[in-house]
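Scroll down for the structure; my scribbles are underneath it.
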Amino acid sequence: VKKNACILSVGVSQRNHTLHFAHLTKETFHNNLMNKIEQFFETLVCGRWNGQDRMVPPNYVWDCYVDQKDRVWLVDFNVWG
């Protein structure tokens, strides 16, 4: 997020890069995953930080993990630059 503008820029990678998971390459899986991450971002990351009376860093980066039950977890949240 740059200058408090909720713009989602996503780079997705699998956690274990030494194995091949064929289901990760299917377009339907990818679209579903992106929708879950975007919804998480809009409601829980952007929605909780921006627009509230808090000390919001103007630029930040965050990482998430999507488990096998399609739950999205916030793993890391840091000020950017």
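Scan the stretch 15-44 and report the pairs whose first residue is surrounded by 10 or more Cβ atoms within 10 Å (Cβ to Cβ) and whose second residue is in a helix (DSSP H, G or I), with Cβ atoms within less than 7 Å and a gap of 6+ or a chain change.
Every condition considered, the pairs that remain are PHE29/HIS23.
Scan the stretch 66-78 for residues that are assigned to a strand (DSSP E or B) and open to solvent by 100 Å² or more (accessible area, probe 1.4 Å) and jot them down. Steps first, please.
Of the stretch 66-78, the ones assigned to a strand (DSSP E or B) are 66, 72-78.
Within the stretch 66-78, just TRP73 meets the criteria.
The values are calculated or read from the model by the stated rules, or taken from the named source; none is laboratory data. Since we're looking at a predicted model, the values are computed, not measured. Neighbour counts are summed over all protein chains in view; Cβ atoms, including those assigned to glycine, are modelled from backbone coordinates with ideal geometry. The protein model used for the area step is the full one, side chains on, heavy atoms only, and it has no ligands, DNA or RNA in it. Shrake-Rupley method; radii C 1.70, N 1.55, O 1.52, S 1.80 Å.
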